[in-house]
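Student: Would you mind keeping the following structure in view while I ask a few things?
Read the figures in this text as sums done on the coordinates, not as results from a lab. Computed from a predicted structure; not experimentally measured. Heads up, the Cβs are rebuilt from the backbone with ideal geometry, glycines too, and the neighbour counts pull from every protein chain shown.
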Amino acid sequence: MPNRAPQQEYARRLQLREAQLAGLDLWDRRLGNGRVTVFVLAVAITWPTLVSQAWSPSWLAAPLAVFVALVVAHAPIVAARDRRRLGVGFYRRGLARLAGQWGEPLDDGAAFRSDEHPYTGDLDIFGPGSLYALLCTARSLPGRAVLADWLSGPATPEETGGRQESVEELCGRLDLQEEVAVLAADLSPGIRAAALDEWGREPRRLTAPAVPGVAALLGAANLAAVGAWLFGPLGGRALLPLLAVSMLLALVFRSRVVESLAGLTVSAGELRFFSRLMTRLERESFASPRLRDLQRRSSAAAERPSARLLQLARLIEWNDSRGNLLFQPLASLLLLGTQFAFAAERWRARNGRAVGDWLRAVGEFEALSALATFSYENPDYVFPEVVRGAPRFESEALTHPLLPRETRVSNSVNLGGEGPGGPLRLLLVSGSNMSGKSTLLRTVGVAAVLAFAGAPVPARRLRLSRLAVGASIQLRDSLLEGVSRFYAELQRLRRIRDLAVAGPTLFLLDEILHGTNSHDRRLGAAGVIRGLLAAGAVGLVTTHDLALAEIADELVPAAANVHFEDHLEEGRMAFDYRLRAGTVERGNALALMRSLGLPVEEE
């Protein structure tokens, strides 16, 4: 593929797909009109001959042949038209993301959000307008679950490196990603890999090897007996005995049949998607070890997993058809419930322990593909270097990926690096309201989350060690649970302390303990910060209380004060969002009050 900017390549492909779609729409109309014309012509030929009683069936042979030919020719045109329409949607969504207009994301990840998680709520990882909503192109629930899992905790340096290598290889493979999106367009992401994996590992409930053959013979005999009753000379003499034996067999195994089929709750359509996607991946050639391993896991057996999942999908479709009122009598005669349950048990005995791994492999591919799309659409982002060793977070020109590009301001944040007196492990960030303190915390946190997931980050450089992330940024009161914001913050601080005691941690604390008086706040904040540093953690703490800046002075060289500034422009507060060394010298509260016409007592 030529080296074009993402916008140019998406626009080129969109124009091509729209032109192809227009041509296919034209052929669709022509063939549709042709079928109508042939039908009208056949009626025109037939009607006069019927009236004159001179009609011959042979006169319809030619129109019928033409009509059938048109139907056969029309089907692939409709299928190709639908694929091109989905391709148009694929590139329109890509262009919308590049323009910062996400529209309706495939999934905003709200189902994965938890208030108990140490950072996902504070860093806007899940939910409307979240990082997950920007990243997610996965269609299946396993794919979405894998992506959510990667955004919810740090991976090892080796794991992160493997993901990065795979993302780089998939980056720009638009034909593959478009085809996967087209394959999954009608997918309702309801399949739960864990549930299917659990079903696959359950012990067999139906083990009698002769029963399926007996049930098949009884079903055939029942059908023949019904035919004899309706049309044969023997009447229904054999029907009642056969039905009695069939009912007895069904009753003996009924409870186990119901249990076996009840555990198989997946959709046939979902399984068909996984089968098609596995088939598509089998045709690809990959170089990175992780992608080759995923391909091996999803296609290594002599009989491909794609074919085995298709077998299960067909079983489910036939079993579901038993719910059709018109088909139920025939299904009962043929003992299809019993036959399908035994067939499902045989499938589970052969494939059950592998099916979870198959779906997980496909889910991992979708997650890697989502990160590859993010990388392709942001070619100026860099892959971080995740290293072993002491806690560190060293960045240059770091920004937040959810902010509009035209308004982003980059800053460099360095923690854990070697200084004259030892590593710098705390930045105490002071500044006035709206100056950018909270955004800086989110920027650092999101960069760490992206890095550990295996994605590129919006920075000139990022080097960090594996760190658990703990954030206290946007806590809320809970009237239902009777928890104040201050008490909720204390609970979160305790969890972050526990993280730090358990291992290397990056802490991000916004306006620490601002819900109490200044005396208690000063002592409490100092205790929390010293405890986190003693545990070996690194992080940032923001405040607009200048008295807390003394804490950093007391902890030099392990801590340093930095700040954001503001100034008045034509009666309004203005910010440049640039991080500077030292402590902010003044606040903006009084100036903001004056600008809004609120009374302020002068000193």
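Student: Give me V43, V444, V386, V245 sorted ascending by neighbouring Cβ count inside 10 Å, so fewest comes first. Spell out each step's value before the answer.
Tutor: Working: V43 10, V444 27, V386 24, V245 14.
Fewest-to-most ranking of V43, V444, V386, V245: V43, V245, V386, V444.
Student: How do the peptides 19-26, 367-374 rank, highest first, by the average count of neighbouring beta carbon atoms within 10 Å per residue?
Tutor: Details: 19-26: 14.9, 367-374: 25.8.
Highest-to-lowest ranking by the protection proxy: 367-374, 19-26.
Student: May I ask you to order 345-357, 426-438 by the average number of other C-beta atoms within 10 Å around their residues, highest value first? List each step's numbers first, then the result.
Tutor: Working: 345-357: 17.5, 426-438: 22.5.
Top to bottom by mean Cβ count within 10 Å: 426-438, 345-357.
Student: Here's something else I'd like to know. Starting from the amide H of R392, placed 1.01 Å from N in the peptide plane, find each other amide H under 5 Å away whose residue is 5 or more places distant or on another chain.
Tutor: For R392, whose amide H was placed from the backbone, the distant partners under 5 Å are S465.
Student: I want the local charge near R92. Using Cβ-Cβ distances under 13 Å, sum +1 for each Lys or Arg and -1 for each Asp or Glu among the other residues.
Tutor: Numbers: positive: R13, R17, R84, R85, R93, R97; negative: E18, E104, E178.
Computed value for this residue: +3.
Student: Right, here's the next one. So how far, in whole Å, is the C-alpha centre of segment 514-541 from the one of segment 88-164?
Tutor: If you average the Cα positions of each part, the centres end up 32 Å apart.
Student: From the phi of every residue in segment 308-315, what ³J(HN,Hα) in whole Hz does the Karplus formula 6.51 cos²θ - 1.76 cosθ + 1.60 yield, where θ is phi - 60° and glycine or proline is x?
Tutor: Ordered by residue, 3J(HN,Hα) equals 5, 5, 5, 4, 5, 4, 5, 4 Hz.
Student: Please order S306, S267, S395 by the number of other Cβ within 10 Å, starting at the fewest.
Tutor: Details: S306 22, S267 16, S395 26.
Lowest to highest Cβ neighbour count: S267, S306, S395.
Student: Ranking H519, H400 by Cβ neighbours within 10 Å, fewest first, what do you get? Kindly include the intermediate steps, with their values, before the conclusion.
Tutor: Numbers: H519 9, H400 22.
Exposure proxy ranking, most exposed first: H519, H400.
Student: Something else now. How far, in nm, would the chain grow between T37 and A354 when pulled straight, counting 0.36 nm per residue and subtracting the alpha carbon separation? Display every interim value, and only then the final one.
Tutor: Details: separation 317, 0.36 × 317 = 114.12 nm, distance 5.34 nm.
Length gained, T37 through A354: 108.8 nm.
Student: Where in segment 361-379 is the amide nitrogen less than 19 Å from a point lying 7 Å along the Cα-to-Cβ axis of R460?
Tutor: Within reach of a label on R460, which here means backbone N under 19 Å from a point 7 Å along Cα→Cβ, segment 361-379 contributes 379.
Student: Still on this structure, please answer the following. Once the other residues with Cβ under 11 Å from the Cβ of D380 are scored (Lys, Arg +1; Asp, Glu -1), what is the net sum?
Tutor: Working: positive: R405, R460; negative: E377.
Combined, the nearby Lys, Arg, Asp and Glu give +1.
Student: A further question follows. If you stretched the chain out fully between V258 and A22, how much longer would it get, using 0.36 nm times the residue separation minus the C-alpha to C-alpha distance? Present the calculation step by step, with values, prior to reporting the outcome.
Tutor: On the way: separation 236, 0.36 × 236 = 84.96 nm, distance 5.02 nm.
My answer for the length gained is 79.9 nm.
Student: Kindly write out, for segment 528-545 in residue order, the coupling ³J(HN,Hα) from the Karplus curve 6.51 cos²θ - 1.76 cosθ + 1.60 (θ = phi - 60°), rounded to whole Hz, with x marking Gly and Pro.
Tutor: Using θ = phi - 60°, the values come out as 4, 5, 4, x, 5, 5, 5, 7, x, 7, 10, x, 10, 10, 10, 7, 10, 8 Hz.
Student: Could you work out Rg/(2.2 N^0.38 Å) for segment 385-595, with Rg from alpha carbons only? All intermediate terms of the calculation are to be shown ahead of the outcome.
Tutor: Working: Rg = 17.0 Å, N = 211, 2.2 N^0.38 = 16.8 Å.
In units of the globular-protein estimate, segment 385-595 measures up at 1.01.
Student: May I pose another question? All other residues with a Cβ under 13 Å from the Cβ of E284 taken together, and with Lys, Arg as +1 and Asp, Glu as -1, what is their net charge? Mind dumping the intermediate values first?
Tutor: On the way: positive: R173, R280, R283, R292, R296; negative: E169, D175, E179, E282.
Every neighbour counted, the sum reads +1.
Student: Would you kindly state how much longer the chain becomes between R572 and D149 on full extension, computed as 0.36 nm times their sequence separation minus their alpha carbon distance, in nm to one decimal? Mind showing how you got there, number by number?
Tutor: Working: separation 423, 0.36 × 423 = 152.28 nm, distance 4.33 nm.
Stretched fully, the R572-D149 segment lengthens by 148.0 nm.
Student: Determine the percent antiparallel among the DSSP beta bridges restricted to segment 385-595, to the nearest 5. Mind showing how you got there, number by number?
Tutor: Working: 14 of 36 bridges.
Looking only at bridges with both residues in segment 385-595, the antiparallel portion is about 40 percent.
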